[in-house]
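Novice: Please find one structure pasted underneath; my questions will follow.
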Amino acid sequence: MSSQRGYFTADEVRAAEAELFTRVPEGMPMHRAAYGLATVVASELRARTGGIAGRSVLLLVGSGDNGGDVLWAGSMLRRRGVAVTALLLNPERAHAKGLAALRKTGGRIRTVSDVSRAADASSAGLITAGSGSTGSSSTESSRSTVVLDETSLGTPDLVIDGIVGISGRSPLRPMAAEIVAALNVPIIAADLPSGVDPDTGAVTGPAVQAEVTVAFGAYKPVHALAAPYCGRIELVPIGLRLPQPNLAALEPAEIGARWPIPGPADDKYTQGVTGICAGSATYPGAAVLCTGAAVAATSGMVRYAGTGAAEVLDHFPEVIAAQTISSTGRVQSWVFGPGAGTDTDAHKRLAEILATDLPVVIDADGLTLLAADPDLVRGRTAPTVLTPHAGEFARLTGHEVGQDRVAAVRDLAESWHLTVLLKGRATLVATPGRPVLVNEAGGSWAATAGAGDVLSGVIGALLAAGYDPGWSAAAAARVHALAANLAAHENHPSAAPTSASPLLDHVRPAIRTLRTLAAK
């Protein structure tokens, strides 16, 4: 099993497809994709309605091969007794062979003009889409209202989105946007949800929000960067030979297998000693959360330096506390920043830590200090990890993250020659010369005050245990996200809002969960 899941850009996938076409008979890749799509749709029909035969599916069919995949899948579903209607958004450019296959199996074919009833929509009591969507199209010269009625489209149990494929870069065009807005039916996206950028996950206008996305041949960046629009991801292999990915995710089982636990010959020093310089009189909780996370993450030792010693020891008596950096004692990594302040004394402490040859994690106030004095880390050769959110990223770089988050985090890491963890639901970790690592959290339960302090402590503990900065940051992000999810769902299938303290309490259960996956 690979230790990473790769995500491949549209250009990388197209190149792999071109190579595939030289090895297999014409049409085979499309048939493989269509069969996989039809299989997922049939499974969803059974799960949602209790059966397959006699159920109804609507295909939203654009031009090109993506529309062809959907038409072929529709013909396969027809053979299983599903009533299939294809709505062609661009009839002149519909995939000819796929269209013929659907017709041959008895599928219904409709065009937009067939289902548009703008003149008498109100009096006919039809279902009318809103007219406020935005977008542009060279083929649509005038505005219209799309009206969908049961006579034309039936009452589908599921809709398959085949409007655009990996060549799509823009929001849905007005007509497609109105059709999608009119539907109150679960949508399964073919390869990716239409209207979402395949490489950046950017959504700049109307787009499909799918319950399930069936990825053909490879995962694309959109599947991690725009997960709320994709829903559950199902991969259908079609035989692509893919390059080494430039964007990847660590597999949870691999994180569990590598997580540091004490070996037969270990003692408290050999497992890694983490130094924490965080918190202040204004923010004593930051010291507690950050230090507590380091305590929970490994079985070694945690030393604390700062003015929050009393609060830290009250919560974690196993921590060894000191007032200054110089009196802390031997450590193997440092975490600086959460609640540490931005005054002259804080600047001196950060400079003292960065002057060592130890791995350092810099978060929160430490990032504010770096934004004002980036020379603090210039030329540093020891592992250094910055953990900004979008606002801190803007302070560090002088510009917003922008739509292409992967490019943004890679550029900062390469220009500053260090590791950058850019926080978000899809957290990104960039280290110069390596693929960007992504962790899709599956939700935003960690979007709460103090959660970042916990994340920094976990990263610092992994660095102290001897792991490289990119892996440490990405593995910590996975544990952090899982801990937040466990805290939100504690002892109940329905989630409730959580906060940093219960998130910290679930760091160990999260590690245990990943280690259980590794043991299977």
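Novice: Accessible area, 1.4 Å probe, largest first: how do Phe316, Phe216 sort? Could the numbers behind the result be given before it?
Specialist: Numbers: Phe316 40, Phe216 10 Å².
Descending accessible area places them as Phe316, Phe216.
Novice: On to the next question. Rank-order 513-520, 344-351, 260-267 by packing density, defined as the average count of other C-beta atoms within 10 Å over each peptide's residues, highest first.
Specialist: Details: 513-520: 13.9, 344-351: 16.4, 260-267: 10.5.
Packing order, densest peptide first, comes out as 344-351, 513-520, 260-267.
Novice: Another question, if that's okay. Once you have a ≥ b ≥ c as the square roots of the Cα gyration tensor eigenvalues for segment 223-303, tell me rounded if a/c is under 1.5, and otherwise prolate or oblate according to whether a/b is larger than b/c. Please list the in-between numbers first.
Specialist: Values: a/c = 3.54, a/b = 1.71, b/c = 2.07.
Oblate, because a/c is 1.5 or more while a/b does not exceed b/c.
Novice: Still on this structure: When the chain is fully extended, how far beyond the present Cα-Cα distance does His417 get from Arg241, taking 0.36 nm per residue of separation?
Specialist: Numbers: separation 176, 0.36 × 176 = 63.36 nm, distance 3.19 nm.
Taking His417 through Arg241 to full extension adds about 60.2 nm, to one decimal.
Novice: Okay, next question. When the scattering of segment 339-480 is computed by the Debye formula from its Cα atoms alone, each counted once and equally, what is log10 I(q)/I(0) at q = 0.09 Å⁻¹?
Specialist: -0.23
Novice: Pull out the extension gain between Gln4 and Asn184, defined as 0.36 nm times the separation in residues minus the alpha carbon to alpha carbon distance; nm, one decimal.
Specialist: Details: separation 180, 0.36 × 180 = 64.80 nm, distance 3.64 nm.
Once the chain is fully extended between Gln4 and Asn184, it gains 61.2 nm.
Novice: Arrange the peptides 273-280, 389-396 so that the one whose residues have, on average, the most other Cβ atoms within 10 Å appears first. Can you show the working numbers first?
Specialist: Values: 273-280: 29.1, 389-396: 16.8.
Put in order of decreasing packing, that is 273-280, 389-396.
Novice: So which lysines can Lys97 reach, going by Cα to Cα under 29 Å and dropping same-chain residues fewer than 8 places off?
Specialist: Here the lysines satisfying the reach criterion relative to Lys97 are Lys220.
Novice: Are there any helices in the chain, counted as whole DSSP H runs, that stretch 27 Å or more along their axis by Cα and score at least -1.0 on average by Kyte-Doolittle, and if so which? Could you put the intermediate results ahead of the total?
Specialist: On the way: long enough: 28-49 (31 Å, 0.14); 469-488 (28 Å, 0.74).
Flagged H segments are 28-49, 469-488.
Novice: Hey, which aspartates and glutamates would be in cross-link range of Lys423, C-alpha to C-alpha under 18 Å, not counting anything within fewer than 8 residues on its own chain?
Specialist: Lys423 reaches Asp363, Asp365, Glu392, Glu400, Asp404, Asp411, Glu414, Glu440, Asp453.
Novice: For the chain, what is the accessible area per residue in Å² when the probe is 1.4 Å?
Specialist: Details: 21680 Å² over 520 residues.
For the chain, the solvent-accessible area averages 42 Å² per residue.
Novice: Cα convex hull of segment 390-473: mean projected area in nm², to one decimal? Write out the running numbers ahead of the final one.
Specialist: Working: hull surface 22.8 nm².
It is 5.7 nm².
Novice: Also, I was wondering about something else. What's the carbon and sulfur percent of the chain's accessible surface, probe 1.4 angstrom, rounded to a whole number?
Specialist: On the way: 10940 of 21680 Å².
Taking all protein chains in place, the chain shows 50 percent carbon and sulfur surface.
The values are calculated or read from the model by the stated rules, or taken from the named source; none is laboratory data. Bear in mind that the values here come from a model prediction, so they are computed numbers and not experimental data. FYI the Cβ positions are ideal-geometry reconstructions off the backbone, even for glycines, and counts take in every protein chain you see. To get the accessible areas, we keep the full protein, side chains included, count just its heavy atoms, and leave off ligands, DNA and RNA. Shrake-Rupley method; radii C 1.70, N 1.55, O 1.52, S 1.80 Å.
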